[in-house]
1. Asp144: under 24 Å from Ala17 (Cα atoms) and at pLDDT below 95, yes or no?
2. Is it the case, given these coordinates, that Asp164 is of a type outside the set (Val, Ile, Thr) and surrounded by 13 or more Cβ atoms within 10 Å (Cβ to Cβ)?
3. Across the range 133-153, which residue is most open to solvent (accessible area, probe 1.4 Å) among those that are charged (D, E, K, R) and out of contact with any Ser or Thr (no Cβ under 8 Å at 6 or more places or on another chain)?
4. Under 6 Å between Cβ atoms, at least 6 apart or on separate chains: pull out the pairs that start in the range 188-199 with a residue that is of a type outside the set (Gly, Ala, Ser) and at pLDDT below 95 and end on any residue that is part of a helix (DSSP H, G or I) and surrounded by fewer than 21 Cβ atoms within 10 Å (Cβ to Cβ).
5. Hey, among the residues in the range 112-132 that are crowded, with 21+ Cβ neighbours inside 10 Å and aliphatic (A, V, I, L, M), which one's farthest from Leu26 (Cα to Cα)?
6. So which residues in the range 23-67 are more than 23 Å from Val194 (Cβ to Cβ), open to solvent by 80 Å² or more (accessible area, probe 1.4 Å), touching a residue at least 40 places away in the same chain (Cβ under 8 Å) and not in a loop (DSSP other than H, G, I, E, B), if there are any at all?
7. Of a type in the set (D, E, K, R), modelled with pLDDT under 95 and either farther than 22 Å from Leu131 by Cα or within 16 Å of the chain's Cα centre (by Cα) (or both): is that true of Glu63 in this structure?
8. Hey, any hits in the range 71-91 for a residue that's farther than 17 Å from Ala17 by Cβ, surrounded by 19 or more Cβ atoms within 10 Å (Cβ to Cβ), in contact (Cβ under 8 Å) with a residue 12 or more places away in the chain and touching a Gly at 6+ places or on another chain (Cβ under 9 Å)?
Amino acid sequence: MTTADARDPELPGRLLATERDALIPLLRSRPDADFALPTVACPGWTVRDVLAHCSSALIRVVESRFEKGVFSPESNDRDIAERAEWSTARVLDELERGMTEAGPAIAAAGGPLDGVALGEWVHAGDVREVLGEPGAYGGAGLPDALTLLARITRERGHLPLHADLDDLDEPLLLGELGGERTPARYIGDAATLVRLYAGRRPAAGVSYELAGTEEAELNIYG
């Protein structure tokens, strides 16, 4: 059984760099109209809004700008509004810079910012899904994302869950270890597991089994 190992300080940066190399060229190839599409996972935000949120969050990490209320809904909306007059190319330039430079800052922080990398990777999945691209909540970064998810849920004392994943040879154990609660059970693919933990709806037509808990209880952003 695979559990969350000791923190690898390079993992968040590696996850961001892996996603950068796949996502940025994809985004630069899309027509401007695609960036105005509404997102399902983030109601009220367009694709461009999600990307502006991601780029601003990462630049905050790079520049160590963490004023009171940072990353709150109000702060996120202000960051997006500040970029409203930017060209799409400028937003993508900032996003690429953030995905490149945030890794060392996250590593140096000792753990509290690791979740930012996971959140950015999830948002990349949100964008891929809207654009109809394959690999939403999957792709080359998935192994690192699962490792990070397992460790974050463990450190937050999240409910224990035993996941038998179609994508892995060994089961993955998430959440609090050694607690009194009997682990819940998940059987299915890894991308759907990520969706559930991120509060996203499973893809249409995908089947999975979840026992011992409800979907809403898995949501780490709820």
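1. Considered against the rule, which asks whether it is under 24 Å from Ala17 (Cα atoms) and at pLDDT below 95, Asp144 comes out as no.
2. Values: of a type outside the set (Val, Ile, Thr): yes; surrounded by 13 or more Cβ atoms within 10 Å (Cβ to Cβ): yes.
Here the answer is yes, as Asp164 does meet what is asked.
3. Once the filter is applied, the top-ranked residue is Glu133.
4. none
5. Filtering first and then ranking leaves Val116.
6. Arg28, Asp32
7. The answer is no for Glu63.
8. No, there is no match, as no residue in the range 71-91 is farther than 17 Å from Ala17 by Cβ, surrounded by 19 or more Cβ atoms within 10 Å (Cβ to Cβ), in contact (Cβ under 8 Å) with a residue 12 or more places away in the chain and touching a Gly at 6+ places or on another chain (Cβ under 9 Å).
The values are calculated or read from the model by the stated rules, or taken from the named source; none is laboratory data. What you see is a predicted model, and the numbers here were worked out from it, not measured in a lab. Heads up, the Cβs are rebuilt from the backbone with ideal geometry, glycines too, and the neighbour counts pull from every protein chain shown. Side chains included, ligands, DNA and RNA excluded: accessible areas come from the protein's heavy atoms. Shrake-Rupley method; radii C 1.70, N 1.55, O 1.52, S 1.80 Å.
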